[in-house]
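The values are calculated or read from the model by the stated rules, or taken from the named source; none is laboratory data. Not measured: the values here are computed from a predicted model. Please note: Cβ atoms are built from the backbone with ideal geometry, for glycine as well, and neighbour counts cover all protein chains shown.
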Amino acid sequence: MARHIGVIGAGIAGLHLALYLQKHGVAATIITDRTPEDYRTIRLLNTVAHHHVTVAREDHLGVNHWSDPRVHYYYHDHFFNFPEPIHFRGDFSKASRAVDYRIYLPALMQDFLQRGGKIEYRRIEEGDIASLVGRFDLLVVSIGKGPLGQLFTYRPEHSPYSQPQRRLCVGLYTGVRQPDPMNVTLSVSPGHGEMIVIPTISFDGIASALLMENVPGGDMEELATLSYDDNPKHFRQVILDKLEKHHPSTYDRIDTARFDLAQPLDLLQGGVVPTVRNTVVEFDGGKCAIALGDVHSIVDPMMGQGANVASYAAFVLGEEIVNADVLDVRFCEKVDLKRQDRVLAAARWTNLMLQPPSEALGMLIGAMSQNRALADEFTENFNYPDQQWDRVSSPQRIHAWIGRMSAAPEPVRATARG
Ligand SMILES: Cc1cc2nc3c(=O)[nH]c(=O)nc-3n(C[C@H](O)[C@H](O)[C@H](O)COP(=O)(O)OP(=O)(O)OC[C@H]3O[C@@H](n4cnc5c(N)ncnc54)[C@H](O)[C@@H]3O)c2cc1C
């Protein structure tokens, strides 16, 4: 039976879905407000790291254009800037990597177009939705955090915050030394925030994403509004001073003479209100619009979950569309049930980590610094937030996990790249 799916938005959610449908012989049309050419000159969108489960989905779609192992990273380094500092490392079982989305998204749009896919370029307003629903067998709304998402009602039971929990200052920088093989660093300054350092493929090769997650009222908060354009030299010096005090392990990697934004537009400041929404709206005649990606669940970027979970959910939806006879409200309900454990777990785990650590979580951090297998499993679970949530959702579960891993023998370790 020939079906035609409408996909609004060409972020990772919309593109992974449309490419999946294309590969499996289902017609999909993307409608989005940016052309591939537009991405070259826009401000930094985010600093997304793809875990290996997402890279595997890219392999399935034939869109993994960044397979050189030298641009991948292999482990997390965790630093806690306590009076008695803690450091530990956790390895992934397979490589991860980050590509600037101003390169990634247009590349996948081109893949879709070159394989015969159709993209319409225009901005969709709320009033356009009913006619779009009529035009397609199913309308997928994957427009990110824009106002159109309000079509889907809010789920207060999964949305505990009404304000951003971190004030973000995110940039792509030159002058930050990368280890060989490369890693991601997660650094915590208690009471002031976290910083995640991600080696990122950008326009001039590898740049270092510094994702500063600043606690409101803390010493780093001012970075979320500090202007680069007004005085670049002052901006750089303030950042360096804060890093030296709060994230010294990263400061030690900086060549201060070369330290700068890779390009003037490589800076993003603001905040995210973590929000989960219902995902289905039924229209006259039984046709539906279904939410996908950030429209469904937007999380703070601290644990690197939003895009990875959006890609996962796109594959769940794609697989269900390929196998379904009818694309009605019952179909949407089944999709929702199938994807929700991982999607909700990513939101809950991230929301937990935004709070000061409980006693049990503090104990887990201490245990990971002593037990490499535990640290590896914590790291690997960035791929599987549902499994992470199984382990950290209550003090009892954290204690049981530490107990199990303390009893386990230390694993035989391959090289970091193996
Ligand atoms: C600083 C930062 C760092 C992050 N780091 C990570 C990370 O390490 N790992 C991770 O997994 N996630 C991360 N995220 C989250 C990730 O960026 C998002 O979860 C993901 O990109 C959402 O994808 P999406 O397709 O749902 O939405 P979007 O990427 O927002 O795509 C929306 C699409 O819809 C289009 N559009 C919008 N409005 C309209 C309209 N009205 N009409 C037509 N088209 C429209 C847009 O142009 C775009 O094509 C980070 C986010 C930020 C801000």
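Here are some notes:
- Residue count for segment 145-172 under the criterion of being within 12 Å of the ligand (Cβ to nearest atom), at pLDDT below 95, surrounded by 13 or more Cβ atoms within 10 Å (Cβ to Cβ) and not charged (D, E, K, R): the result is 4.
- Count of residues meeting criterion [part of a helix (DSSP H, G or I) and in contact with a strand residue (DSSP E or B) (Cβ under 6 Å, 6 or more places away or on another chain)] in segment 320-337: 2
- Single residue of Glu320, Glu333 found to be away from the ligand (no atom under 16 Å from the Cβ) and in contact with a Lys or Arg (Cβ under 7 Å, 6 or more places away or on another chain): Glu320
- Exactly one residue out of Arg89, Arg43, Arg115 is more than 16 Å from the ligand (Cβ to nearest atom) and over 30 Å from Ser369 (Cα atoms), and it is Arg115.
- Glu244 meets the conditions (1) touching a residue at least 24 places away in the same chain (Cβ under 8 Å); (2) surrounded by fewer than 21 Cβ atoms within 10 Å (Cβ to Cβ); (3) not basic (Lys, Arg) in every case but one. The failed one is (1).
- Scanning segment 287-303 for residues that are in a loop (DSSP other than H, G, I, E, B) and either surrounded by fewer than 24 Cβ atoms within 10 Å (Cβ to Cβ) or not assigned by TED's automatic domain parsing to the domain that holds Pro156 (or both) yields Lys287, Asp300.
- Lone qualifier among Gly14, Gly25 - being of a type in the set (Gly, Ala, Ser) and surrounded by 15 or more Cβ atoms within 10 Å (Cβ to Cβ): Gly14
- Residues being more than 6 Å from the ligand (Cβ to nearest atom) and buried (at least 22 other Cβ atoms within 10 Å of the Cβ) - total across segment 304-315: 5
- Residue that is farthest from Thr174 (Cα to Cα), among those in segment 249-275 that are among the aliphatic types (A, V, I, L, M) and more than 13 Å from the ligand (Cβ to nearest atom): Leu265
- Test: residue in segment 345-355 that is closer than 22 Å to Leu148 by Cβ, modelled with pLDDT of 95 or more and aromatic (Phe, Trp, Tyr): no
- Taken over segment 356-379, residues that are hydroxyl-bearing (Ser, Thr, Tyr) and in a helix (DSSP H, G or I) amount to 2.
- Screening Ala367 against (1) in contact (Cβ under 8 Å) with a residue 40 or more places away in the chain; (2) touching a Ser or Thr at 6+ places or on another chain (Cβ under 9 Å) leaves a single unmet condition, (1).
- Matching entry among Ala18, Ala27, Ala2 (being within 13 Å of the ligand (Cβ to nearest atom) and touching a residue at least 24 places away in the same chain (Cβ under 8 Å)): Ala18
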